[in-house]
Each structure stands twice: as C-alpha cells, then as structure tokens.
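The values are calculated or read from the model by the stated rules, or taken from the named source; none is laboratory data. Just so it is clear, the model here is predicted, and its values are computed rather than measured. Note that each Cβ is placed from the backbone with ideal geometry, even for glycine, and that neighbours are counted across all protein chains shown. When the accessible area is computed, the model is the full protein with side chains, heavy atoms only, and any ligands, DNA or RNA have been set aside. Shrake-Rupley method; radii C 1.70, N 1.55, O 1.52, S 1.80 Å.
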Amino acid sequence: MADLRINLAGIESPNPFWLASAPPTNSGYQVQRAFDAGWGGAVWKTLGEPIINVTSRFAGLHFGGQRVLGFNNIELITDRPLEENLKEMLETKKLFPKHTLIASLMVEHKREAWHEIVKKVEAIGVDGLELNFGCPHGMAERGMGSAVGQHPDLIRQQVEWVKEVAQTPVIVKLTPNITDIRFTARAASEGGADAVSMINTINSLIGVDLDSWLPIPHVDGKGAHGGYCGPAVKPIALNMVAECARDPQVGIPISGIGGISTWQDAVEFLLMGASGVQVCTAAMHHGFRIVEDMIDGLNNYLDERGIASVMDIVGKAVHTYSDWGHLNLNYKVVARIHEETCINCNKCHIACEDTSHQCIDIVTDEMTGKERLVVREEDCVGCNLCSIVCPVEGTIEMVEIPSDQPPLSWNQRQAALAADRSCEAAQE
Amino acid sequence: MSVRREETKTASMLQANFQEVVPALKPKEAIDEANRCLFCYDAPCIKACPTSIDIPSFIKKIATGNLLGSARTIMEANPVGASCARVCPTEELCEGACVLNHASKPIMIGLLQRHATDWAIKNQKILFHAGEQNGKRVAIVGGGPAGLSAARELARLGYEVTVFEAREKAGGLNTYGIVSFRLPQEVALWEVEQIEQMGVTIKTGTRVGVDVTPEELLQSFEAVLLAAGMGAVPMLNIEGEDLIGVLDAISLVEDTKTKPLTDLMLGKKVVVIGAGNTAIDGATASKRLGAQLVQILYRRTEKEMTCYEFEYEFAKQDGVEFRWLVAPTRIIGENGRVTGIELMRMELGEPDAKGRRRPEPVPGSEFVMEVDFVVKAIGQTRHVDLIEMFGLQHKNGIVEIEEGTYRTSHPHVYAAGDVIFGGGNTDAMVVDAANHGKRAAHAIHTALEAKSQPVL
C-alpha cells in the first residue's frame with residue numbers, strides 16, 4: 001500500500017483527491033458524505049456576499065453515445081448565509097479532523113472585505129484558503145471572479161491583502177479565460193500566494209435548441225455564457241498546469257483541476273507538476289463513490305512500480321515539456337499496421353489519403369484477393385493521425401526509425417545558420 | 001500407421017471438443033462494454049448477485065485499466081468469482097437485473113467478470129493476504145465453493161484454517177463436476193491456490209468420518225464448518241443397472257476432467273436420465289465424446305425441467321435431443337453390456353409439494369429403445385452418515401441450521417452449501433454456496449469473538 005498522503009504548500013491531506021469548490025461542496029451534508037466516501041479534501045463552495053441564483057443552471061455535452069463529455073453551468077457562488085456555511089464547516093472539521101477543508105472565497109475588491117472574511121473562516125479552523133479568481137459568469141460582471149483573474153495587477157493586489165492577515169496557506173484559483181495563464185500565476189506568486197489552482201471553467205455556450213432556437217440552458221427565454229468543464233477540458237487544463245509547473249517565475253505548488261475523472265487523469269496532472277487534484281464534474285456525473293477507484297487505481301499504479309509515496313511522482317514529467325523550438329527535427333516515427341488485429345475498416349487509409357500525407361495504400365493480395373493496408377514508410381511524416389482514428393487499440397503503432405543525424409532543434413538550427421552567416425559576413 | 005493417425009485425429013478432435021466454448025472478450029470489446037455500464041447507484045445487479053459483488057465498481061475499474069482492483073472487488077465478495085463468471089446463470093441474476101434491459105441490451109457482466117479474473121490468473125496476482133493471527137482454529141469439512149469461501153474469509157479474519165477434502169484436489173464441483181468446455185479446471189484450481197497461499201491448510205485425500213473422526217475435529221478446533229456437498233448419483237433401482245454402459249453423469253463429467261478423453265462413446269447411442277444441469281452436462285459431454293445420438297429422457301415436460309434456460313439452449317445447440325414424459329423401467333443387456341432401455345410413457349397429474357405436476361405412468365405404454373449407454377442424472381445422495389456422525393439434526397439429509405447464523409443443532413458445528421440446500425425448483429447455484437460459506441465464516445467469527453469476551 002503506497003503512501004497517498006500529500007502536502008500541498010503546507011496543507012496536508014490523506015490523499016490527493018479533493019472535491020473542487022462547486023455544487024458538490026455546497027453543504028456540510030454533502031462534504032461529510034464525500035469524506036465518508038473517501039475524498040481526501042474538499043474546497044467548500046465559494047463564500048462571499050450571498051447572491052441569488054437562477055433556475056435552469058447546467059447543461060451537458062454528449063457526444064457519440066457518451067454522456068457528459070463536457071459540462072457547463074451558470075450557477076454562482078453560495079446562495080446561503082455565511083454564518084450557516086461557517087457553522088457547517090466547523091461541524092465538518094470536527095467530524096473529520098484529518099480531512100482537508102479549504103474555504104473558497106470571493107469578495108469585492110476591498111482590503112477590508114478580504115480581511116474580514118479571511119478572519120471569519122480561519123476562526124473556524126480551515127486548513128487553507130482558495131481565492132476564487134476564476135468563475136467566468138455572473139460574478140465576473142460584478143468585477144469579481146475571472147474579472148480579477150484576467151488582470152495580473154488585481155490578482156497581486158488582492159493576494160497581498162489576504163496575506164496580510166491569513167494564517168493558513170493561500171491558494172489562488174485562476175481562470176483559463178486568458179491568453180497566457182503564466183502571467184496571472186506569476187502575479188499570484190508575486191503577491192505572496194502559497195499555491196495556485198487551475199483551471200476554473202471556460203466561457204461556453206453548450207448549444208442552441210433546434211426547435212425553439214433558444215440557448216441551452218436558457219432562463220425564461222434568455223441565456224448567458226456559462227463555465228465549461230468536464231473531460232473535454234482536461235487537455236487545456238493539463239497544458240496550463242504544465243506551463244506553470246515549468247515556469248520558474250511561478251515557482252509555487254499547483255492544485256490541478258479540469259476534467260479529472262479517473263486515477264489515470266490524476267496521475268497525468270501529478271506528473272506534470274500538480275501536488276494534488278480537484279474534481280467536480282465526474283462526481284456530479286457519477287456520485288462521490290467514484291473516488292474509490294481513484295484511490296484504488298492510484299495505489300495499484302504506485303505499488304506496481306514500487307513507488308512508495310504519491311509525492312514521489314509529483315512533477316516528474318515537467319522536464320519533458322518544453323517549447324516547440326527545442327524539439328528534435330531529426331527524430332522520426334512512422335506508422336506500422338499490425339495486420340493480425342487490423343479489421344480493415346480503412347479509416348487510416350482515408351484519413352491519410354484525404355487529410356494527411358497519402359502514404360497508406362490499400363493493396364490487394366494477388367494470391368488471396370484480400371485487401372491489406374500498407375504504409376509507405378518513406379512517405380510517412382509520422383503525424384499519428386492513422387493511429388488516432390484506428391478503432392482497435394494497438395493495431396497501428398508509431399515506431400521510431402533510428403536517425404543517422406544527431407539531434408537538432410529548430411532553435412539550434414537557426415543559431416547555427418546565424419553563426420554561419422556571421423562567419424560569412426566576417427569573411428567578407 | 002494410418003490407424004495411429006486416425007487415433008491421433010480422434011484424440012485431437014475430442015480435445016478440441018472440450019476446450020472452453022464461450023470465447024473471452026477481446027480487449028476492445030471489454031473496454032467498450034465496460035464504458036457502456038451506467039455505474040448505477042444502488043444498482044439492481046448487485047442486489048441480484050447472491051454474493052453482492054459491487055458490479056458497477058469492478059466494471060468501472062476495467063474501464064480505467066485498474067484490472068487488479070477490478071479482480072479484487074470481484075473476488076473480495078465472491079472467493080470463487082472466476083468460476084462464477086463462467087457458470088452463473090447471469091441472465092437470471094445480475095444481467096437479468098441490469099437496468100439497460102429496459103433501454104437497450106444488458107451489460108455482459110459475466111464476461112466482464114471473466115475478463116478481470118482472467119487477467120489476475122494470467123498475471124499471477126495474489127489478491128488477498130491472511131489477517132493477523134488470532135490463535136483460533138477452525139476446521140472446514142469439504143473444499144468446494146462453500147468451504148473455500150469460508151476458508152478465505154476466516155483466513156482474512158486471522159483464523160488458522162484447515163480444510164479437510166476427501167478428493168485429490170480441492171474445488172469440489174468446480175474442479176470435478178462442471179464440464180471443461182464451460183469451466184476449465186485450471187480456473188477452479190487458481191481459486192484454490194489463492195486460498196492456500198493465505199496459509200490455509202488443505203488436507204486433500206482426507207475423509208472426515210474415515211480418516212479423521214468428527215470427535216477429533218471438535219476437540220482440536222474451536223468450530224467446525226460442514227460444507228461436504230453431496231454424494232453420488234442414487235440408484236434408479238431398476239433391472240439392469242449393473243450392466244457395463246450404465247454410468248452416472250457426475251462420474252462421466254469427472255472422468256473428462258481428470259483422465260485422458262476416451263473414444264468409447266464414438267458413434268454410440270446415449271440416453272441421459274434426468275433434466276437438471278448435471279443431466280445437461282452429461283448429455284453435452286457425451287455428445288462431445290463423439291456419441292452419434294444423445295437423448296435426454298425426462299418423466300415430466302420441458303416446463304418442469306430444473307436446468308437453466310441457457311443450459312437447455314446450449315444442449316440443443318450441441319445436438320442433444322429431448323424426450324419428455326418417459327421414465328425408465330428396465331435396462332436391457334447382452335453379454336453384460338447395455339443394448340437397450342425399456343421406457344414407460346408418463347402423463348402429468350396433480351401438483352406435488354413443490355408445486356410441480358406429478359408424473360404418473362400410463363399403464364401398458366412400455367416400449368424399448370436401442371441404446372449403448374445409459375447416463376444417470378437424477379440428483380445426488382446426501383451425506384447422511386457424516387451428518388449423523390456429527391449428531392446433527394437434519395431432514396432427509398438436509399442439515400438444519402439456525403436462520404442467519406448457519407449454526408447447526410451442535411453449538412460448535414456450522415453448515416453451508418449443498419448440505420443445507422432444501423432443494424427448490426431449480427438447482428442450487430455455486431454462487432449461493434459461495435455466499436453461504438462467506439456468511440457462515442462471519443457468523444463463526446461473531447460467535448467466537450463473543451465467546452472470547454470476558455464475562456462481566
């Protein structure tokens with residue numbers, strides 16, 4: 001049994017699986033059920049000035065028979081009084097002292113407002129704070145949430161105010177609705193944040209009803225953009241985590257969020273630099289008990305590799321993530337089709353023929369009359385498209401062709417060319 | 001030379017006939033199917049499983065590539081879960097309860113269960129370890145599904161467990177009594193190994209009542225679990241039963257699992273008496289041993305047969321024929337060998353105690369059929385002698401137990417599996433025996449814990 005305990009910026013947790021601040025963490029009843037089910041921590045639904053929610057709040061993106069590949073919501077922060085939330089948080093922490101309880105906060109751009117709420121939630125014994133600079137709908141129109149998260153200076157300023165009074169570690173939750181998240185992560189770090197969490201939801205409109213021509217969801221005939229999440233956003237989130245993890249100017253721990261549905265997703269985030277993960281949509285789709293396989297699968301994964309602690313994999317893949325200019329131009333992979341498992345759907349052929357580099361031929365065997373798919377390796381650019389569209393896992397393998405050239409990146413090539421040119425210039 | 005080639009050909013044909021019939025799921029098939037599972041809350045499939053396997057959980061684990069966790073979830077609830085993946089009447093249990101029956105097609109739960117447990121078998125995974133020793137000893141009489149299931153649970157709870165098994169190998173029905181083309185012996189033996197590696201002692205070739213007495217067990221162990229299963233097929237008590245060519249289905253199946261397959265039935269005519277699952281196994285085994293004609297003879301009709309629907313279908317697909325409303329009255333022979341069987345036509349009368357219409361002979365309706373083999377599959381005898389040696393109260397060989405605790409009339413003796421099945425309208429299931437064993441183990445634990453508490 002591997003040690004699944006984590007330490008994120010000084011916040012300890014029995015395992016890396018936390019529920020993100022969202023509908024699943026709206027009340028003590030829910031969070032206590034989640035802890036019973038095995039979740040290591042929970043970020044309570046964002047506290048702030050009570051708001052009023054609309055009805056018709058969520059929508060799901062279903063694709064090809066799979067439900068909830070994506071999910072969108074226009075629910076705002078907690079709509080319950082602060083005192084009620086604090087009472088339930090206190091009770092939850094008493095019942096589950098070893099579990100991690102984080103207070104998510106969102107108040108106006110006022111120093112006093114931040115001081116006041118920080119003191120109130122820390123008084124009941126939370127393990128840390130998460131500043132919500134991420135929610136893209138509703139609150140952003142009032143200058144909070146992602147409206148802050150889109151301005152590095154606002155982030156820096158508010159983190160500084162919080163840090164003036166905070167006794168517990170401060171996590172800053174960032175919005176992905178921005179060109180380059182490193183700039184806002186750096187601002188959080190400069191302001192004194194102990195960690196960043198990412199990503200919050202992405203501006204989205206799930207769909208339009210073909211009969212009523214109304215947006216999905218709509219509130220009495222009108223819609224507004226929601227926050228998009230679920231498995232479909234995972235690659236966006238993973239990139240943002242990895243970019244921040246490899247940026248020395250960010251330099252603080254990361255809590256990974258965005259489409260994490262399985263232990264495998266979690267391992268990817270941990271490898272790319274997250275010290276723990278937060279989950280919401282998968283729990284909303286299947287209930288809190290999904291954490292059982294997350295814990296079991298992660299533990300078996302670590303045991304299988306003889307890794308004693310989950311912390312030992314945190315950030316282990318970050319050094320492999322770089323800029324395009326550093327990639328080796330002389331590296332070559334080509335597609336190999338394993339005929340014994342090929343089912344001759346010809347999807348690789350048509351994908352290559354119509355949309356890539358025309359190097360997979362349908363060849364008729366003269367002896368048997370059967371058709372075979374054959375890769376002309378000399379023409380294959382190693383794009384992977386065929387292996388992506390192939391429905392039978394493992395049938396198209398991308399294999400490395402050893403190169404007789406030494407590794408050479410674009411940056412190195414350009415530098416070499418520039419050096420040559422300057423030599424030539426010098427000679428002239 | 002050609003004779004030998006012919007023999008080799010026959011031998012390999014017979015061997016091929018006894019390979020597992022239902023193919024395993026292909027990797028893609030398993031993933032596709034696992035992802036189709038809805039992961040229902042409070043799922044009806046769990047409730048339909050006698051051992052309450054957390055089916056949505058093990059299927060989710062297949063979907064996430066956590067096959068070790070998946071196999072563990074299965075085997076935790078059911079210590080013979082690899083065998084049950086193959087022999088359970090899933091359409092009457094988990095798959096029959098699947099909510100997708102109402103919306104599309106049920107999930108192939110049995111085959112997914114096989115996918116996960118096959119992975120554990122192939123990768124030689126050890127799924128469970130013994131609990132911390134508590135110094136208490138429990139004896140289990142019988143190493144079949146009920147006994148093994150109890151042994152596994154007791155070992156996990158820290159007991160020193162000794163299983164007394166009369167046969168050469170443990171596993172009971174799963175090892176000896178279910179045809180190889182449905183349940184290969186190595187699957188059952190893997191389950192035995194899983195339990196043995198936890199430190200459970202399995203004394204094979206040891207018959208309780210012959211090699212060791214019940215008194216000795218009661219003296220040396222804090223509790224005894226009787227899980228001895230059932231005995232041989234009873235006599236038909238008709239003329240000619242001692243002729244060569246009269247077999248019982250259980251021995252016939254056992255021979256196909258323990259000895260080289262013979263060509264004795266090649267091209268012959270076989271009748272099987274009875275219409276339970278063992279009769280089906282006897283009939284399909286005969287067919288696969290090369291018999292030209294195999295007929296199941298049953299004194300009632302299709303409606304009253306106790307075999308599972310899928311077994312009946314399987315037998316028909318194998319070319320087994322069925323004759324209803326006939327009962328044997330005499331087996332006819334020449335030179336000590338079966339040559340025919342005399343049958344009497346029956347008709348159905350009033351329902352009996354179990355609600356099944358009683359067959360009644362039609363006077364003067366006797367007729368003779370030419371046959372080479374008569375296979376008896378008319379139920380199994382009960383171990384009355386053994387039950388009485390323990391001094392247990394029983395009804396016709398069915399041990400009486402206290403509801404919920406599996407405790408017999410003897411305060412230190414518990415009973416599980418076939419020895420307590422009252423014989424309903426269907427055959428007892430392996431999965432029921434597994435459940436009994438598991439529950440009996442926990443009842444024993446509760447009782448022994450209570451006993452070791454100081455009296456205040």
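At-a-glance table
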| quantity | calculated |
| --- | --- |
| Lone unmet requirement of (1) away from chain A (no Cβ under 11 Å); (2) surrounded by 24 or more Cβ atoms within 10 Å (Cβ to Cβ); (3) not acidic (Asp, Glu) for B:Gln15 | (2) |
| Residues located in segment A:380-401, provided they are out of contact with any His (no Cβ under 6 Å at 6 or more places or on another chain) and in a loop (DSSP other than H, G, I, E, B) | A:Cys380, A:Gly382, A:Cys383, A:Asn384, A:Cys390, A:Pro391, A:Val392, A:Glu393, A:Gly394, A:Ile401 |
| Yes/no for B:Phe314 being among the aromatic types (Phe, Trp, Tyr), open to solvent by 50 Å² or more (accessible area, probe 1.4 Å) and part of a helix (DSSP H, G or I) | no |
| Hits in segment A:395-405 (condition: modelled with pLDDT of 95 or more and open to solvent by less than 90 Å² (accessible area, probe 1.4 Å)) | A:Thr395, A:Ile396, A:Glu397, A:Met398, A:Val399, A:Ile401 |
| Qualifying residues in segment A:310-342 (those that are within 14 Å of chain B (Cβ to nearest Cβ) and exposed (fewer than 13 other Cβ atoms within 10 Å of the Cβ)) - the one nearest to A:Val381 (Cα to Cα) | A:His338 |
| B:Lys125 being within 12 Å of chain A (Cβ to nearest Cβ) and surrounded by fewer than 19 Cβ atoms within 10 Å (Cβ to Cβ) | yes |
| Odd one out for A:Ala193, checked against (1) farther than 23 Å from A:Tyr228 by Cβ; (2) in a helix (DSSP H, G or I); (3) open to solvent by less than 20 Å² (accessible area, probe 1.4 Å) | (2) |
| Hey, B:Arg137 basic (Lys, Arg), away from every other protein chain (no Cβ under 14 Å), open to solvent by 40 Å² or more (accessible area, probe 1.4 Å) and more than 20 Å from B:Arg182 (Cβ to Cβ) or not | yes |
| Sole exception among (1) away from chain B (no Cβ under 14 Å); (2) surrounded by 11 or more Cβ atoms within 10 Å (Cβ to Cβ) for A:Ala426, by number | (2) |
| Residue check for A:Thr281: at pLDDT 95 or above, surrounded by 19 or more Cβ atoms within 10 Å (Cβ to Cβ) and more than 13 Å from chain B (Cβ to nearest Cβ) | yes |
| Strands (runs of 3 or more DSSP E) lying entirely in segment B:336-422 (those with 1 or more residues that are in contact with a Phe, Trp or Tyr (Cβ under 8 Å, 6 or more places away or on another chain), touching a residue at least 12 places away in the same chain (Cβ under 8 Å) and open to solvent by less than 60 Å² (accessible area, probe 1.4 Å)) | B:337-351, B:413-415 |
| Single condition B:Lys438 does not satisfy, out of (1) at pLDDT 95 or above; (2) under 30 Å from B:Glu304 (Cβ atoms) | (2) |
| Filter result (at the interface with another protein chain (Cβ under 8 Å from one of its Cβ atoms) and not acidic (Asp, Glu)) within segment A:284-298 | A:His286, A:Gly287, A:Arg289, A:Ile290, A:Gly297 |
| Residue within segment A:382-392 that is out of contact with any strand residue (DSSP E or B) (no Cβ under 6 Å at 6 or more places or on another chain), within 14 Å of chain B (Cβ to nearest Cβ) and either of a type in the set (Gly, Ala, Ser) or more than 12 Å from A:Ala335 (Cβ to Cβ) (or both) present | yes |
| Top-ranked residue in segment A:260-278 [being closer than 20 Å to A:Ile202 by Cβ and open to solvent by 10 Å² or more (accessible area, probe 1.4 Å); ranked as farthest from the other protein chains (Cβ to nearest Cβ)] | A:Met272 |
| Residue identified as open to solvent by 10 Å² or more (accessible area, probe 1.4 Å), under 16 Å from A:Pro176 (Cβ atoms), aliphatic (A, V, I, L, M) and more than 14 Å from chain B (Cβ to nearest Cβ) among A:Ile252, A:Ile257, A:Ile307 | A:Ile257 |
| Residue match in segment A:126-140 (condition: in contact with a Cys (Cβ under 9 Å, 6 or more places away or on another chain), in contact (Cβ under 8 Å) with a residue 40 or more places away in the chain, surrounded by fewer than 24 Cβ atoms within 10 Å (Cβ to Cβ) and small (Gly, Ala, Ser)) | no |
| Among (1) in a helix (DSSP H, G or I); (2) touching a residue at least 24 places away in the same chain (Cβ under 8 Å); (3) open to solvent by less than 10 Å² (accessible area, probe 1.4 Å) - the single one B:Ile107 does not satisfy | (1) |
| Selection count where residues are among the small types (Gly, Ala, Ser) and open to solvent by 30 Å² or more (accessible area, probe 1.4 Å), scope segment A:152-188 | 0 |
| Any pair with Cβ under 8 angstrom, 6 or more apart, that starts in segment B:151-180 at a residue that is within 22 Å of B:Thr284 (Cα to Cα) and ends at one that is aromatic (Phe, Trp, Tyr) and not in a strand (DSSP E or B) | B:Val179/B:Phe18; B:Ser180/B:Phe18 |
| Number of the condition not met by A:Ala147 [criteria: (1) at pLDDT below 95; (2) assigned to a strand (DSSP E or B)] | (2) |
| Scope segment A:58-81; condition part of a loop (DSSP other than H, G, I, E, B) and either acidic (Asp, Glu) or open to solvent by less than 70 Å² (accessible area, probe 1.4 Å) (or both); matching residues | A:Ile74, A:Glu75, A:Leu76, A:Ile77, A:Thr78, A:Asp79, A:Arg80, A:Pro81 |
| A:Ala224 vs. criteria crowded, with 19+ Cβ neighbours inside 10 Å, in contact (Cβ under 8 Å) with a residue 24 or more places away in the chain and at negative phi | no |
| Any hit, segment B:110-121, residues being in contact with a Leu (Cβ under 6 Å, 6 or more places away or on another chain), closer than 18 Å to B:Gln197 by Cα, within 13 Å of chain A (Cβ to nearest Cβ) and open to solvent by 40 Å² or more (accessible area, probe 1.4 Å) | no |
| Helices (runs of 4 or more DSSP H) contained in segment B:34-85 and holding at least 2 residues more than 13 Å from chain A (Cβ to nearest Cβ) and surrounded by fewer than 22 Cβ atoms within 10 Å (Cβ to Cβ) | B:44-48 |
| Matching option when the condition is open to solvent by 30 Å² or more (accessible area, probe 1.4 Å), touching a strand residue (DSSP E or B) at 6+ places or on another chain (Cβ under 7 Å) and under 23 Å from A:Leu298 (Cα atoms), among A:Pro235, A:Pro231 | A:Pro231 |
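This table checks each residue for (1) at pLDDT below 95; (2) of a type in the set (Val, Ile, Thr).
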residue	(1), (2)
A:Leu302	no, no
A:Val314	no, yes
A:His319	no, no
A:Val334	no, yes
A:His338	no, no
A:Thr341	yes, yes
A:Cys345	no, no
